[in-house]
Every structure is written in C-alpha cells, then in structure tokens.
Amino acid sequence: MDFSLPPELVELQARTRAFVREVVIPFERDPRRTDHGPTDAMRRQLNGLAAEHGLLAPHVEEKWGGLGLGHFGRAIVFEEAGYSMLGPIALHCAAPDEGNMHLMASVATPEQQARWLAPLAAGTTRSCFCMTEPAPGAGSDPGLLATTAVRDGDDFVIDGEKWLITGADGAAFAIVMARTIVDGQDVGATMFLTDLPAPGFEIERLIHSMDSSFCGGHAQVRLTKLRVPAANVLGEVGAGFRYAQVRLVPARLTHCMRWLGAARRAHDIATEYARARQAFGQPLIRHEGVGFMLADNEIDLHTARLSIWHTAWLLDQGARASRESSMVKVHCSEAIFRVVDRSMQVLGGLGLTEDTEVQRIFRDVRAFRIYDGPSEVHRWSIARRLGDRGPA
C-alpha cells in the first residue's frame with residue numbers, strides 16, 4: 001500500500017495550488033460573483049486563465065482538450081481547485097458540467113459527443129441536469145419521477161416540472177430525465193438531450209438559496225410539450241436510472257474532493273487567526289478550547305482525504321464502488337461541515353462577516369449534506385445492503 005504521489009501528480013498539484021492562490025483568489029471580491037453564482041463573463045475569463053496555465057478541464061480526455069486524469073488524479077487536483085470556491089469554475093470541473101461531461105463521455109453517441117460534449121469540454125458552453133422535481137415528484141426517491149416523455153412519431157414530447165436545477169439559467173443544453181411512454185406503455189426512465197433555449201423549456205424562477213458558488217444558480221423549470229427528436233435520446237430508452245448511477249457515483253466523490261479543498265481553506269484562515277489573535281494573555285491557539293477544535297479539524301480533513309483517495313482508487317480499478325461512494329458522501333459532507341463550522345467558531349464575530357471567505361464556505365458546504373443524496377438516504381442505503389447481505 002503506497003500512499004506516495006507520482007512525480008507528475010506532485011507537479012500538477014503544486015501548479016494547481018499556485019494558480020488558485022495567485023490567480024483565482026484575487027477574483028473572490030469581483031462584483032460579478034453574484035448570489036446566483038459567478039456570471040458567465042467571469043467564468044469565461046477564469047476559464048481562459050486556466051487554459052493559459054494548462055489546467056482547463058483536467059478530468060476530460062485529452063482528445064476533448066483535457067488532461068485525461070483518472071479518479072485518483074482528480075482527487076489531488078480537485079482538492080486544490082476547491083481551495084477557492086471559484087477554483088472549480090476556473091478549471092471547468094464544477095458541477096453540474098463535470099458530471100455531465102463524464103456521463104456523455106461514457107454514454108453518448110459519437111454524433112452527440114461532437115455536438116454537445118466537445119464545446120462543453122472546451123468551456124465554450126454550460127449545461128444542466130434536469131432530474132429533481134418538486135413534491136410529490138422525484139427527489140431522494142427517483143421512483144417518484146413524474147415528468148413524462150411520450151413517443152410521437154420520430155420525437156418524444158416531454159411534460160413536467162423540475163426544480164433546484166443547477167446552472168439552467170444560461171445553459172446551452174440540458175439533460176432531461178423523464179418517465180417514458182411508448183405505445184401507451186411505461187418503459188421506464190430515459191435521458192434526453194435538448195438544446196437551450198427551446199420552445200417548451202421555461203425557467204419559471206431562480207430560487208434563492210444558501211449556496212451561491214454554481215454558475216447559473218438554481219432554477220425551477222417548466223416543461224410543456226418540449227419536443228425532442230428520438231436521435232437525442234442519451235443512451236438507451238428506459239435505461240435512465242442505470243445511467244444516473246454512471247453519473248452520480250463519481251459525481252458524489254468529486255463533490256467531496258472540491259469541498260475538501262474549501263474546508264482546508266476555512267481551517268487555514270481560522271488557524272492563522274488563532275495564532276495571531278491574543279486573548280487572556282496568550283494567542284487563541286494556546287487555549288485548549290480553541291486548539292482542540294483545530295486539532296479536530298486536522299483529524300476530519302485527514303480521514304476525509306483518505307476515504308476520498310480509497311474510493312477514487314476503487315473507481316480507477318473498474319469497481320462500481322456504489323457502497324463506498326455512499327459512505328464517503330456521508331462521511332465527507334459531515335466531516336467537512338464540522339471543519340467549517342469549527343473554523344467559524346474560532347473566528348468568532350469575524351467569521352460571521354464577509355471579511356473572510358469562511359461565512360460563504362459555511363453557507364455553501366451546508367447544502368452538500370442534502371444534494372446528491374441526503375446523509376439519511378445514504379445511511380438507509382448502506383443499512384439496507386447490510387440487511388440483504390446475511391451472515392458473513
């Protein structure tokens with residue numbers, strides 16, 4: 001068991017770290033960083049800078065202009081990118097685009113890849129993934145999917161409602177999940193590709209939410225007789241849930257990678273403050289109440305990183321790693337939140353202000369315990385597997 005990094009990853013890690021600290025972090029005060037995420041003008045500028053430094057789309061195959069990193073390589077680079085919440089935007093490895101690129105590279109036809117994946121990988125477009133629905137539709141239970149796609153000749157006609165759709169505002173295309181009706185029969189969920197804007201695809205509103213790091217924010221979308229050619233089916237008709245796992249299993253892990261970097265940033269800010277701030281005759285860090293919180297941060301960061309690395313290694317070996325993906329999602333989302341929460345506590349009143357990045361990280365990272373599967377759903381999934389396994 002060798003935990004050392006190969007020289008090429010060490011070099012890439014150092015280069016990414018320098019780029020984020022020297023180039024990206026100064027943009028954090030840019031007014032184009034809005035309550036609904038960075039503007040597209042800001043994203044394009046950051047993407048251009050990343051391209052100049054040879055760091056754009058590190059997860060994408062080289063034939064699409066990326067660095068072709070495997071899952072373990074992504075763990076190293078994505079953590080460094082996440083040190084600023086603008087870092088994943090700059091490197092073009094943020095959600096939902098990163099997961100959509102992975103999905104299309106695995107499932108899309110060559111024609112679909114040329115039409116949608118190539119410009120997305122180059123950073124000239126953005127995308128969104130339309131699966132989640134308001135109650136009583138699909139949320140944590142995809143079996144409640146209410147959006148329908150009815151076969152009509154050479155097309156499918158899609159009707160339904162989606163919400164909390166990240167990046168829909170300004171996206172060039174969407175992947176839409178819908179329950180599919182062919183000749184009056186429900187044949188299961190299917191994924192569809194559609195260019196945007198499109199007749200029948202309406203953004204009803206942008207949803208104001210705690211988190212604000214994703215381009216395009218989060219939208220509520222109404223689908224009304226959205227007509228999609230059968231040639232735009234992503235993968236096979238009726239196989240949408242299977243493809244969702246192709247996308248979501250590694251996407252849970254890459255979220256963990258990015259947020260680990262953000263938690264490390266919060267911890268570094270708090271540690272630096274605790275060294276400098278004096279209280280009761282000595283630096284804050286010399287008081288056990290503060291020092292122990294920072295020590296617990298170190299423990300949580302370390303165990304989160306190891307769990308990410310192991311799951312990334314499994315994926316690189318060709319394993320499905322669904323169980324490990326659920327475990328690491330729960331552990332990391334909660335450990336990372338603890339780190340940021342403690343960091344805010346160490347900073348005291350300063351942590352509540354916009355004078356540091358910690359309050360923004362706090363608001364964004366809290367949402368991570370909910371999206372891509374709440375902790376409770378993943379725990380239930382892990383426990384169910386235990387119940388099905390029987391005695392060892």
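The values are calculated or read from the model by the stated rules, or taken from the named source; none is laboratory data. Predicted model, so just to flag it, every value in this text is computed and none were measured. For neighbour counting, all protein chains shown are included, and Cβ atoms are generated from backbone atoms with ideal geometry for every residue, glycine included. What goes into the accessible areas is simple: the full protein's heavy atoms, side chains included, and nothing from ligands, DNA or RNA. Shrake-Rupley method; radii C 1.70, N 1.55, O 1.52, S 1.80 Å.
Quick look at the values:
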item	result
Helix-only [θ]222 nm of the chain, DSSP H runs n ≥ 4, -39500 (n - 2.57) each, per residue, nearest 500	-14500 deg cm²/dmol
Largest to smallest accessible area among PHE201, PHE3, PHE280 [probe 1.4 Å]	PHE280, PHE3, PHE201
Cα pair distances of the chain binned at 20 Å [whole percent]	27, 57, 14, 1
Simple Cβ-charge dipole of the chain, Lys/Arg +1 and Asp/Glu -1, about Cα centre, in debye nearest 20	560 debye
Nearest-0.05 FRET efficiency for ALA279 and TYR371, computed from C-beta distance (R0 56 Å)	0.90
Cα centroid separation - segment 331-358 against segment 125-146, whole Å	30 Å
Gaussian network model of the chain, Cα within-10 Å springs - most flexible of ALA321, ALA263, ALA276	ALA276
For segment 253-303, diffusion coefficient by Stokes-Einstein and Kirkwood Rh (Cα), 25 °C, 0.890 mPa s, µm²/s	210 µm²/s
Anchor LYS329: lysines whose Cα lies under 25 Å away (excluding residues fewer than 8 positions away in-chain)	LYS162
Rounded to the nearest 10 Å², the accessible area of TYR273 at probe 1.4 Å	60 Å²
Gained length - ARG227 relative to ARG44, 0.36 nm times residue gap less alpha-carbon distance	62.8 nm
Folded to 0 to 90 degrees: helix 358-367 orientation relative to the chain principal axis, Cα	40 degrees
Dipole of segment 219-309 [Lys/Arg +1, Asp/Glu -1 at C-beta], most positive-end residue of ALA251, ALA262, VAL228	VAL228
Positive-end residue of ALA168, GLY87, MET101, charge dipole of the chain with Cβ unit charges	GLY87
Alpha carbon centroid spacing (whole Å) that separates segment 203-265 from segment 22-53	21 Å
Degrees separating the helix 97-107 axis from the principal Cα axis of the chain, which is the longest one	50 degrees
Percent RCO, i.e. relative contact order, over segment 83-169, from Cα pairs under 8 Å lying at least 6 residues apart	25 percent
Relative contact order [Cα under 8 Å, 6+ residues apart], segment 276-392, whole percent	24 percent
Carbon plus sulfur fraction of accessible area for segment 1-98, probe 1.4 Å, in percent	55 percent
Extension gain, HIS53 back to ALA172 (0.36 nm per residue minus Cα-Cα distance, nm)	40.3 nm
Rg [Å, one decimal], Dmax [Å, integer] - segment 323-376, C-alpha atoms	12.5, 40
Ellipsoid equivalent to segment 225-313 - semi-axes via the Cα gyration tensor, in Å	47, 15, 8
Exposure of PHE78 as accessible area (Å², to 10), given a probe of 1.4 Å and all protein chains	0 Å²
Share of carbon and sulfur in the accessible heavy-atom surface of segment 270-392 [1.4 Å probe, %]	55 percent
Using alpha-carbon coordinates, inclination of helix 288-316 to the longest axis of the chain, degrees	40 degrees
Debye intensity ratio I(q)/I(0), log10, segment 98-232, q values 0.09 Å⁻¹ (C-alpha model)	-0.25
Lys, Arg +1 and Asp, Glu -1 on Cβ, resulting dipole of segment 92-231 about Cα centre, debye, nearest 20	140 debye
Accessible-area ranking of SER343, SER106, largest first, probe 1.4 Å	SER106, SER343
Accessible area per residue, Å², the chain with all protein chains present, probe 1.4 Å	43 Å²
Relative contact order %, the chain, counting alpha carbon pairs below 8 Å whose residues are six or more apart	15 percent
Formal net charge of residues neighbouring GLY261 (Cβ-Cβ distance under 9 Å; K, R +1; D, E -1)	+1
